[in-house]
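Everything below concerns the one structure shown next.
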Amino acid sequence: MISVFLVDDEIVVREGIRNSIPWDETEYSLAGEAPDGEMALSIMKDLKPDILVTDIRMPFMDGLALAKIIRKTQPWVKIIILSGHDEFKYAKEAISIGVEEYLLKPVSSADMLATLDKVSRRIAEERVSKTRLETLSRQVKTSEEMLRERWLCDLVAGLVAA
């Protein structure tokens with residue numbers, strides 16, 4: 001299950017996304033939501049979601065500031081920006097932060113699900129890579145221990161033979 005956290009100061013947008021996606025019929029769970037970045041940050045510390053969907057402009061702390069902090073404190077979180085602004089400067093800054101996707105409002109449930117699917121595929125690929133890396137690391141450690149033991153045995157056998 002991929003957990004999603006939603007942040008938007010417009011309650012109509014939050015409710016629209018929350019109510020238009022059949023969460024129970026997907027691989028996603030709506031872990032929580034917040035009306036601004038400050039509130040989201042404190043809640044996300046405990047929830048540790050896989051995906052953050054955030055509005056770009058909000059009072060108190062905007063989505064870009066939230067994304068920067070989340071990128072540093074919870075680097076595994078994939079970030080999707082929602083924006084009512086088709087301005088290149090916002091998209092450029094979002095890219096520099098490492099945001100996964102940038103969607104223009106209004107966003108349909110089909111577009112949101114397609115974007116969540118795209119991002120969740122990246123999460124799955126990263127999880128597979130991490131598992132492979134951990135397996136290789138364990139194999140290297142085991143091989144290292146066996147080689148060290150063999151080397152010591154050969155060394156002792158050489159000393160005994162001399």
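The values are calculated or read from the model by the stated rules, or taken from the named source; none is laboratory data. Quick caveat, the model's predicted, so the values are computed rather than measured. Don't worry about glycine lacking a Cβ; one is built from the backbone with ideal geometry, like all the others, and counts go over all protein chains shown. The accessibility values were calculated without ligands, DNA or RNA, using every heavy atom of the protein model including side chains. Shrake-Rupley method; radii C 1.70, N 1.55, O 1.52, S 1.80 Å.
Overall, the ratio between the Cα radius of gyration of segment 1-76 and 2.2 N^0.38 Å, rounded to two decimals, is 1.03. For the chain, the share of accessible area belonging to carbon and sulfur comes to 57 percent (1.4 Å probe, ligands and nucleic acids excluded). When both segment 1-65 and segment 114-162 are represented by their alpha-carbon centers, they are found 38 Å apart. Derived scalar couplings between HN and Hα for segment 65-78 equal 5, 4, 4, 4, 5, 5, 4, 7, 8, 9, x, 6, 5, 8 Hz in order, rounded to whole Hz, by the Karplus curve 6.51 cos²θ - 1.76 cosθ + 1.60 (θ = phi - 60°), x for Gly and Pro. Surface exposure of segment 86-148, expressed per residue as accessible area with a 1.4 Å probe, stands at 74 Å².
Taking semi-axes √(5λ) of the Cα gyration tensor in Å as the quantity of interest, determine which of [x] 47, 17, 14; [y] 25, 19, 15; [z] 35, 17, 15 was computed from the displayed structure. Matching the structure shown: [x]. Placing +1 on each Lys and Arg Cβ and -1 on each Asp and Glu Cβ, with no other charges, gives segment 53-98 a dipole about its Cα centre of roughly 240 debye. For Tyr102, the residues 5 or more places off, or on other chains, whose built amide H falls under 5 Å of its own are Ile81.
Normalising the average separation of contacting C-alpha pairs (under 8 angstrom, six or more residues apart) by the number of residues puts the relative contact order of segment 10-162 at 16 percent. Its DSSP H runs of at least 4 residues, each contributing -39,500 (n - 2.57), put the calculated 222 nm mean residue ellipticity of the chain at -20000 deg cm²/dmol, to the nearest 500. Packing around the peptides 144-150, 34-40, 112-118, taken as the average count of other Cβ atoms within 10 Å per residue, puts them in this order, highest first: 34-40, 112-118, 144-150. Determine the shape class of segment 95-139: with a ≥ b ≥ c the square roots of the Cα gyration tensor eigenvalues, call it rounded for a/c under 1.5, and otherwise prolate if a/b is greater than b/c, oblate otherwise. Judged from the Cα gyration tensor, segment 95-139 comes out oblate (a/c at least 1.5, b/c at or above a/b).
Using only side-chain charges placed at the Cβ, +1 for Lys and Arg and -1 for Asp and Glu, the dipole size of segment 30-134 relative to its Cα centre rounds to 420 debye.
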